[in-house]
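K.L.:
I have a structure I would like to understand better, so I am pasting it below and will then ask my questions one at a time.
The values are calculated or read from the model by the stated rules, or taken from the named source; none is laboratory data. Note that the structure is predicted; figures quoted are calculated from it, not measured. Virtual Cβ from ideal backbone geometry, glycine too; neighbours counted across all protein chains shown.
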Amino acid sequence: MQVRATYRYAKISPFKVREVTRAIQGLPVSAALDLVAFSPKKAAGLIAKTLKSAVANAENNANLRVEGLVVKEATVGEGPTMKRLMTRARGSGSRILKRSAHIRIVLTDEIEIKTRDKKKKSGAKKSSGKKKAHTKATKDTKDETKGTKSAEAEAKE
């Protein structure tokens with residue numbers, strides 16, 4: 001079942017909020033809340049508020065368990081923009097756009113929670129094929145030059 005929460009008219013640019021919402025998509029709710037709690041951005045606080053609201057909706061309205069919830073979708077739409085004027089040099093003015101955003105989070109219990117595997121540590125580093133070809137070619141040329149030098153040296157003797 002899907003549960004959603006919406007934060008409308010948030011006083012922040014949607015571009016700034018999208019950076020954080022991309023990070024929480026597909027994560028379990030507990031991991032998403034942790035990620036948002038330790039993010040230093042203003043958008044993280046607004047997303048945390050919306051995420052907690054969606055969790056509360058799931059618990060109270062849909063009778064879902066919090067442990068099984070996953071962030072299915074976290075989207076940010078553009079809200080209305082307030083236009084202001086700032087005075088500039090020589091009597092001119094420039095426009096200031098005060099943007100707003102609509103944050104929408106959809107939670108579901110239908111997606112299985114996947115944990116990421118830990119990376120295996122390997123001592124040997126992989127080298128590229130170009131490097132091997134280059135070293136092989138230089139060895140061949142060195143052998144050829146040695147062969148010609150030794151032949152020339154024999155001819156002189």
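K.L.:
Residues to consider are V71, V66; find the one that is touching a Gly at 6+ places or on another chain (Cβ under 7 Å) and under 11 Å from T108 (Cα atoms).
P.N.:
Just one listed residue meets the conditions, V71.
K.L.:
A further question follows. Could you list all residues from the range 23-38 that are part of a helix (DSSP H, G or I) and without any contact (Cβ under 8 Å) to a residue 12 or more places away in the chain?
P.N.:
A31, D34, A37
K.L.:
If a residue must be charged (D, E, K, R), part of a helix (DSSP H, G or I) and surrounded by 12 or more Cβ atoms within 10 Å (Cβ to Cβ), how many such residues does the range 58-112 contain?
P.N.:
1
K.L.:
For A43, are the conditions met, namely being farther than 18 Å from A101 by Cβ and not hydroxyl-bearing (S, T, Y)?
P.N.:
no
K.L.:
Give me the pairs, please: first residue somewhere in the range 1-17 and surrounded by 15 or more Cβ atoms within 10 Å (Cβ to Cβ) and of a type in the set (G, A, S), second residue anywhere and part of a loop (DSSP other than H, G, I, E, B) and at pLDDT 95 or above, beta-carbon distance under 6 Å, and either six or more positions apart or on two chains.
P.N.:
Cβ pairs passing all conditions: S13/R99.
K.L.:
List pairs: first residue in the range 47-70 and farther than 14 Å from S30 by Cβ, second residue among the polar types (S, T, N, Q) and not in a helix (DSSP H, G or I) anywhere in the structure, Cβ distance under 8 angstrom, at least six positions apart or on different chains.
P.N.:
T50/T6
K.L.:
Let me ask something else. Does I12 satisfy the criteria of being among the hydrophobic types (A, V, I, L, M, F, W, C), modelled with pLDDT of 95 or more and assigned to a loop (DSSP other than H, G, I, E, B)?
P.N.:
For I12, the condition - among the hydrophobic types (A, V, I, L, M, F, W, C), modelled with pLDDT of 95 or more and assigned to a loop (DSSP other than H, G, I, E, B) - is met.
K.L.:
Across the range 74-112, which residue is nearest to A58 (Cα to Cα) among those that are under 19 Å from the mean Cα position of the chain (by Cα) and touching a residue at least 60 places away in the same chain (Cβ under 8 Å)?
P.N.:
Filtering first and then ranking leaves V106.
K.L.:
Working carefully through the options V55, V36, find the one that is farther than 17 Å from I113 by Cα and surrounded by 14 or more Cβ atoms within 10 Å (Cβ to Cβ).
P.N.:
The conditions single out V36.
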